[in-house]
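Comments concern the structure below.
Rule-based calculations on the coordinates, nothing more; no lab input. Fair warning: this is a prediction, and the values are worked out from it, not measured in the lab. As a convention, Cβ positions derive from the backbone with ideal geometry for all residues, glycine included, and neighbour counts pool all protein chains shown.
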Amino acid sequence: MALNYMRALQKVAKSRLATCSAVTSSRGYATGALPEAVEPAVWRNPAAVLHGVNDLRFEDVPMPDRLQDEYVRIEMKAVGICGSDVHYWKKGRIADFVVTGPMVIGHESAGTVVELGPNVTNLKVGDRVAVEPGVPCWHNKASREGRYNLCPDIRFFATPPHHGSLAQYIDHPAAFCFPLAPNLTHEEGAMAEPLSVGVHACRRAGVSPGKNVAIIGAGPIGLITLLAAKAYGADTIAVTDVKEDNLSLADTLGANVALLQQPHATTAQVAEALRTALPPFGPDIIIDCAGFESTMQTAVQACVPGGKVVLVGMGQNEMKLPMASASCKEVDLLGSFRYANTYALCLKLMESRKVDVMPLITHRFGFSSDEVTVAFDTASRASETGAIKVMFNMN
Amino acid sequence: MQRLGRAFRTASRYSTAAPAESTAWHNPAAVLHRANDLRFEHHDLPEEIPRGYVRVGIRALGICASDLHYLHQGRIGKAIVDRPMVIGHETAGQVVALGPEVTGLEVGNRVALEPQVPCWHNIYPRAGRYNLDPGMKYFATPPVHGALARFVDHPAYQSFKLPDNLSFEEGAMVEPLSNGMQACRRGEVKPGKSIAILGAGPMGLNALACARAHGASRIVITDIRDDNLPLAERLGAWKALHTPMMSPAEAAQQLTSLLPPYGPDTVIDCVGHESTTQTAIEAVAPGGIVVQVGMGKDRANFPVLDVVFKELDFRGCFRYTNTYPICLELVSEGKIDVSSMITHRFGFSAEEIAAGFRCAADRLTATGISSGCLWKLSLINSNKALKSRASTLL
């Protein structure tokens, strides 16, 4: 394994991505059911396809001949890797979502429109777009009330059994493709996805001027939530982590306080440190971007009475928490899941430079079999590689 | 003019059998060609029922002031009847056929139809406020056809099953009731708040019923006529006040003295006359909410300083969102009695439709205000032989 990896790394270092010409396939393309992997003479639509645990293959995924009503075909240009992509690769599942068949991975993406389906009015060929990866069914209660992130039948890229977007081409509803302003790169378009997670957390929490905010976890989500919290006008923001790697970046990105937790500190001690870091009373809002029992215990203890704890991170499912304490302090515990109606705002935030996501992109790769291997490996060993956002640049 | 009354109602009330077979989709309808030109004629149905749609045999339909307005003026604001349009939007019926990919409904299901079909790609529907969708398709708002027809095709997801103990009439009444529900949500009606409702016409009465359902108990309703005030009391008003010839200041004074110390927390204006808007703003307590439901003149004189000094929320209220399930439940549980608001009934024929609209119009003229009419229903009995030739009704 180590030898193969080294060989792949060498190839990547030496070569550039070979261009693949795409020819529209005559075969159908059913979700979750890919044709048998063959080595065609001409690749129609190279994609990174997850077959099972540790089994990520670079193979052809033919596209349908005709586009569906109100869909567009997009040539992908930038796709980021998320922790969930890595998790599916390493574990084959997240909670009840299990990879049972080949699935194209990846969901943070942007590209250029190459073809319009019937009745598309909001886009034209050549438009550069950020792609919102979750398409809800509009008929259930959550969607009708504007919380379509909670749609039980939502089709979300790279959540089994739905294919993701780490491919040369995808088809997607035009209504979920957002044009990029001239001063935005495709990479920034792809970053609208994780930024949306941060924005949604800030909305759930009610981040606004006058509120002190603590963010637990300085990984990619914690850092992007920091950027969102600043955009939402938070008074003072403290970011905390057990590792110092990303805390200096948090500092650069505008955290007022970057708190390194001591190795054997208790949750009570960390809570006290957060309260001291955010005078006069401590954090009004705590956004837990790690999601462990210890971090949630810290959050409940640190939070000002009447405040809010928003859980974004997905570390552990079951936790022991000081609920009597939360209750007596009237602290609200709020879940935050993905996002809804955030893309337009995120693009505006980046376009106006209120948010600069570029420092979060630490590693870049082209799109080939070897580079996919190296990229995912890089992302999965973030503590060694220092990876925050690994980005594919394609076509 | 033939009033069919209770006997007819009882006979058809709880039928769950599918309507009798007739010639393939022969579809007589009340079609408005232009102002004062309403015709009873065939209206084409699509060859194939669209994907996700059901075909519904209409069994009950209520007339609304907006239907009358289109009939007499041929327009409401910028919505102009410039081509033939089926009228009517408050309706319930029975599913007679399913389009492709319909789940959750079967032929024979009794359903209330929510008369609006938003475009879910637009910003407002995505944010949960689909009533504000500029791309909305609403029954009998031109150019979209309404439902006073034998059959209507409608999305399955906007066709809500009637509980077993609800009649088709009650199902149709869920539409105006939904307006009352939306008004109460916009007005944040809840236990402990005092509420004033201006206007005891259909809109006011529905708002009243919904305010009770929202837990409010101190509800005062006012009207310049006293006809509907006894009904208002039966529907749960704490006080039903006759306020003829009162200036806004006088009316506001009455409301404040009835709801001390500072007046009503929420005022719902279901009239929309300049004087009632003024009354609402003058009467409402500081920090309170005025909900404007009634539609009057486009431009009105407005005590703006009151809005500033009292930090009022002056909130428009337009149609409704996500109200059908809760309204059906409230009626089914007996918490709201919509049947009491039904005053006249007509059948489905050229003559009876004409009579129904005339009756509604008479009531309108009598009140002299644009939103006062008693309820009328057209009952469509599919067993009746229906004339197919076009005939001008008015």
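Here are the numbers for the structure shown:
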| quantity | calculated |
| --- | --- |
| Nearest 10 degrees, 0 to 90: helix B:202-213 Cα axis against chain B principal axis | 70 degrees |
| Over segment A:117-270, volume per residue of the alpha carbon convex hull, in Å³ | 181 Å³ |
| Cα principal axis extents for segment B:6-173, largest first, Å | 42, 38, 31 |
| Computed helical MRE - 222 nm, chain B, DSSP H runs ≥ 4 contributing -39500 (n - 2.57), nearest 500 | -8500 deg cm²/dmol |
| A:Ala268 versus B:Ala97: modelled label distance in nm, points set 7 Å from Cα along the beta carbon direction | 7.4 nm |
| Flagged links, alpha-carbon separation over 28 Å, of B:Lys190/B:Lys239; A:Lys141/A:Lys320; A:Lys91/A:Lys243; B:Lys190/B:Lys310 | A:Lys141/A:Lys320 |
| Derived scalar couplings ³J(HN,Hα) [segment A:110-117; Karplus, 6.51 cos²θ - 1.76 cosθ + 1.60; whole Hz; x for Gly, Pro] | 8, x, 10, 5, 10, 7, 9, x |
| Exposed-site-free run, longest, chain A (rule: GluC sites (Glu not before Pro); DSSP loop; at most 13 other C-beta within 10 Å) | A:37-243 |
| Calculated log₁₀ intensity ratio I(q)/I(0) where the Debye formula runs over C-alpha points of chain B, q = 0.08, 0.09 Å⁻¹ | -0.41, -0.51 |
| Ellipsoid semi-axes in whole angstrom, largest first, where each is sqrt(5λ) of the Cα gyration tensor of segment B:292-366 | 34, 23, 11 |
| Segment A:131-219: Rg to Rh, with Rh as the Kirkwood radius over Cα pairs | 1.01 |
| For segment A:197-335, average projected area of the Cα convex hull in nm² | 7.0 nm² |
| B:Met173, A:Met350, A:Met394 arranged by Cβ crowding within 10 Å, fewest neighbours leading | A:Met394, A:Met350, B:Met173 |
| Relative packing of B:301-311, B:267-277, B:196-206, which averages over residues the other C-beta atoms within 10 Å, highest first | B:196-206, B:267-277, B:301-311 |
| Assigned charges on the beta-carbon of Lys, Arg, Asp, Glu; segment A:67-124 dipole about Cα centre (debye) | 240 debye |
| Kirkwood Rh and Cα Rg combined as Rg over Rh, evaluated for segment B:87-223 | 1.01 |
| About the Cα centre, charge dipole magnitude for chain A (Lys/Arg +1, Asp/Glu -1 at Cβ), debye | 240 debye |
| FRET efficiency, 1/(1 + (r/R0)^6) with R0 60 Å, evaluated for B:Asn301 and A:Ile94 via beta carbons | 0.50 |
| Sorted by Cβ density within 10 Å, fewest first, the residues A:Cys346, B:Cys119 | B:Cys119, A:Cys346 |
| With Cα atoms, 0 to 90° folded angle of helix A:293-302 axis to chain A main axis | 40 degrees |
| Between helix A:267-277 and chain A: long-axis angle, C-alpha atoms, 0 to 90°, nearest 10 | 80 degrees |
| MRE, 222 nm, helices only [DSSP H, n ≥ 4, -39500 (n - 2.57), over chain A, to nearest 500] | -8500 deg cm²/dmol |
| Rg and Dmax [Cα atoms of chain A; Å; Rg one decimal, Dmax integer] | 21.4, 68 |
| Percent of Cα pairs exceeding the 13 Å cut-off, where the set is segment B:87-143 | 68 percent |
| Per principal axis, descending, Cα span of segment B:177-316 in whole Å | 37, 30, 29 |
| Charge dipole magnitude, Cβ of K and R +1, D and E -1 - segment B:177-316, Cα centre, debye nearest 20 | 420 debye |
| Built amide H within the under 5 Å cut-off of A:Ile215, gap 5+ | A:Ala238, A:Val239, A:Thr240, A:Ile287 |
| log10 of Debye I(q)/I(0), alpha-carbon scatterers only, for the protein assembly as shown at 0.07, 0.08, 0.09, 0.11 Å⁻¹ | -0.66, -0.83, -0.99, -1.21 |
| Rg in Å to one decimal, and Dmax rounded to a whole Å, for segment A:39-194 via C-alpha atoms | 15.5, 49 |
| Hits among lysines - C-alpha to C-alpha of A:Lys124 under 23 Å, sequence gap 8 or more where chains match | A:Lys77, A:Lys348 |
| DSSP beta bridge pairing in the protein assembly as shown, given as percent antiparallel to the nearest 5 | 60 percent |
| Relative contact order (%) - criterion: Cα under 8 Å, at least six apart; region: chain B | 19 percent |
| Simple label model, 7 Å out from Cα along Cβ direction - B:Asp153 to B:His26, nm | 2.1 nm |
